[in-house]
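Please read the structure below before turning to the comments.
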Amino acid sequence: MAPLPHLRLGVNVDHVATVRNARGGDVPDPVRAALLAIAAGADGITAHLREDRRHIHDDDMVRLKREIGKPLNFEMAATEQMLDIALKIKPHATCLVPEKRTERTTEGGLDVIGAQGYLKPFASELAHAGIRVSLFIEPSLEAVEAAATIGAPVVELHTGAWCNAVIQSEPGKAGAEFARLVSAAAHAETCGIECHAGHGLDFGTAREIARLPQVVELNIGHFLIGEAIFVGLEASIRKMRAAMDAGRAAVIGAGP
Ligand code: PXP
C-alpha cells in the first residue's frame, strides 16, 4: 500500500477571540495562540470571519496572514463582502460555510445542491485569485457531486452530527453517521476532490476519523481551546497530534 498523505491539523483560533471579546481589549490574542499552535505542531490555522464579527475581527485576519508563516484557512460565508475581504487578504484557502445569525456555531453544510448556480462563479473568482476553495458540506454523495460540479478542489466534510451522536452515546446513530463519512470521503476521492473534515472533533473522534485514508486535513477549534484551559494550548495540541497519528496508524482498509 502506498504511504498515506500526512494528515494535517488546522487549528481554529476563533474561540481565543471569543474570550478576548468578552472583555473587549486585546487579550488573549488569537495571533499569539496561532503562533503557539504552530510551534506545537499545527500545520495551518483556521479562522472564521463572521458577518457579525462575534469572534475574529478583520484585523485578526490581516495579522494572521502576515504573521503565521503557515497556510491560513479563511472560513467565510459566500457573500460579496467576504469575497472582497478574501481577495484583499489572499489567504492560502477559503472554506465556504453557511452562516445564520442566530446559530451558535456552523450548524450544517452548505446548500451546494440548491446554490450551485451562485457558488460556481463565486468559487471561480477565488480560484482565479490563487486562493484554494474548500466547500463545507454534509457527508452525502449528492453534496460531493455538487461540489465537483461547482469545480471545488476541496471539500470539508461536516463531522458534527457524528460527533454529537458519539457524545450523546447513541451508537446506532453514530455508526450510521460514520458510515456516511466513510462513503462521502471515498466518493470525494473518486471525483478527484481533496477531502478535509471538521466540526465537534475531540481526541477520540479525531483519532477515529484519522482512520479514513482519503481525509488529509482536520480542522479543530472548540475542543482544543477548551482543553487548553486545563492543560495549556501546547499540551492540548500535542495530544491531538498524537491521537491523529494513532488513528492514521490504524487506517481503514489497511491489510493485517
Ligand atoms: N470546520 C468548519 C468549517 C467550521 O465551521 C468549524 C467551526 O468553526 C470547524 C471546522 C471547527 O469546529 P470545532 O470548533 O467544533 O472544532
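Per-structure values
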quantity	calculated
Amide proton proximity set for E75, modelled H, under 5 Å, gap of 5+	A47, H48, L49, C95
Isotropic mean projected area of the C-alpha convex hull, the stretch 111-256 (nm²)	10.0 nm²
Near-label residues of the stretch 57-74 by backbone N, under 19 Å of a point 7 Å along Cα→Cβ of N21	57-65, 73-74
Magnitude of the charge dipole, the stretch 52-185, Cβ model with Lys/Arg +1 and Asp/Glu -1, debye to 20	380 debye
Around A161: net Lys/Arg minus Asp/Glu count, Cβ-Cβ under 9 Å	0
Cα-Cα pairs of the stretch 1-124 separated by more than 16 Å (percent)	64 percent
Which listed pairs, of K70/K90; K90/K120; K100/K239, have C-alpha distances above 24 Å, in listed order	K100/K239
Convex hull volume of the chain per residue (C-alpha atoms, cubic angstrom)	130 Å³
Radius of gyration and maximum dimension Dmax of the stretch 80-149, Cα, Å	12.3, 34
Between the stretch 157-174 and the stretch 213-247, the alpha-carbon center distance in angstrom	18 Å
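Bear in mind these aren't lab numbers, they're just calculated from the coordinates by the rules spelled out. All values derive from a computational prediction rather than experimental measurement. Neighbour counts run over all protein chains shown; Cβ positions are idealised from the backbone, glycine included.
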